[in-house]
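The values are calculated or read from the model by the stated rules, or taken from the named source; none is laboratory data. Just so you know, these numbers come straight off a predicted model, no measurement behind them. Here the Cβ is made from the backbone with ideal geometry for all residues, glycine too, and neighbour counts use every protein chain on show. Accessible surface areas use protein heavy atoms only, side chains included; no ligands, DNA or RNA. Shrake-Rupley method; radii C 1.70, N 1.55, O 1.52, S 1.80 Å.
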Amino acid sequence: MDVAVLKAAELVHKSAFCIAFTGAGISAESGVPTFRGAGGLWERYKPEELATPEAFERNPELVWRWYRWRQELVYNAKPNPGHLALAELENLGVIKAIITQNVDGLHQRAGSKNVVELHGSLWRARCVKCGLTYRLERPVEEILPRCPNCGGLLRPDVVWFGEPLPQDVWNKAVELAHKSDVVLVIGTSGVVYPAAYIPHIAKRNGALVIEINTEESAITPIADIFIKGRAGVVLPALVR
Ligand code: BV8
Ligand code: ZN
């Protein structure tokens, strides 16, 4: 067993308040493409061009087509051993919370309870007119879904580029980062802000940063331990 993994397991199990900070990489082994890696989310468009209020304003059908495609992909995907290991570590009382940038809901489907979704969820839609938010049990069928309450247009209830994160969600994530003494940073390129501040905030408050990624990232420079590997392989090795 890799000595870094042994060291990480020891630190995680000895921690007083361990949290996980996850990105698209933890869902890669469930078959959900990452944003920036090879085989990225949408060959013809960049997420920064589609995941924006302007794109939705200009072409809501196209944006909904992209989200429906992702909903169908995630709906037919399964949590992978990486998601399941984090849920197991929460059951063991080792991990106190997951702060995720992902909108796929796979942490919750793996059984994780305390999940802070910084960027919203594929499985919620919000009315642009009356603001009502709806839970979605399956991919939307309509080309342009409408609000049952007022007939307004529904949008995916996710945070787009150029939009602020919900204040209460951000505050909760910062509070967890302040309380943590170990933060597991898993499968993120660490380039999207303000989410990427979370590991920095934890570090500045004296937490140990353990990164698990198949390649180095923008977070690696502040990692106390960097484990090069797939989340679905490394995380189960931390459960004992
Ligand atoms: C904000 C939801 C301000 C949608 C997402 C100009 C104008 C406005 C803002 C900006 C600007 N320029 C820059 C900004 C800031 C901008 C930003 O950070 N841009 C980046 C691109 C530079 N941020 C924003 O716009 C944020 N809002 O700033 O508002 C404001 C404030 C007040 C008032 C008004 C405005 C909002 C950002 C949120 C955007 N929404 N998602 C959706 O999903 O459709 S972000 C999107 O990227 C996803 O959430 C994703 O999670 C996130 C980050 O990507 P990663 O998760 O890191 O994924 P990535 O593909 O990059 O990396 C995958 C990693 O996994 C890789 O490292 C890979 O090596 C690794 N990996 C792969 N396989 C595995 C693996 N690791 C382990 N195991 C494996 N098997
Ligand atoms: Zn409405």
Beyond 18 Å, the calculated P(r) of the range 48-136 holds a percent of Cα-Cα pairs equal to 53
Hey, any idea what % of the chain's accessible area is carbon plus sulfur with a 1.4 Å probe?
54
Hey, can you find the accessible area per residue of the chain for me, probe 1.4 Å, expressed in square angstrom?
46
DSSP beta bridges in the chain, what fraction antiparallel, as a percent rounded to 5?
30
Semi-axes of the range 45-93 from the Cα gyration tensor (sqrt of 5 times each eigenvalue, largest first, whole Å) come to 33, 13, 8
Quick calc, T52 & V3: beta-carbon distance into FRET formula, R0 30 Å, rounding 0.05, result 0.10
Run the quick spin-label model on T214 and V191: label points 7 Å from Cα toward the beta carbon, then report their separation in nm to one decimal.
1.6
Nitroxide proxy distance, nm - points 7 Å out along Cα→Cβ at H200 and R65
3.8
Fraction of alpha-carbon pairs in the range 150-227 farther than 14 Å apart, rounded to whole percent, equals 65
Can you pull the one-decimal nm distance between simple spin-label points at L153 and A16, each 7 Å off the Cα toward Cβ?
5.1
What is the extension gain from N171 to T133, computed as 0.36 nm multiplied by their sequence separation minus the C-alpha to C-alpha distance, in nm to one decimal?
11.6 nm
Report the relative contact order of the range 139-222, percent, no decimals, based on alpha-carbon pairs under 8 angstrom and at least 6 residues apart.
24
I want to verify the translational diffusion coefficient of the chain in µm²/s; compute it with Stokes-Einstein, Rh as the Kirkwood radius over Cα pairs, at 37 °C and 0.692 mPa s.
179
Under 19 Å between alpha carbons, and skipping anything fewer than 8 positions from K78 in its own chain: which lysines qualify?
K113
Would you check the accessible area of E175, probe 1.4 Å, heavy atoms only, in square angstrom rounded to 10?
80
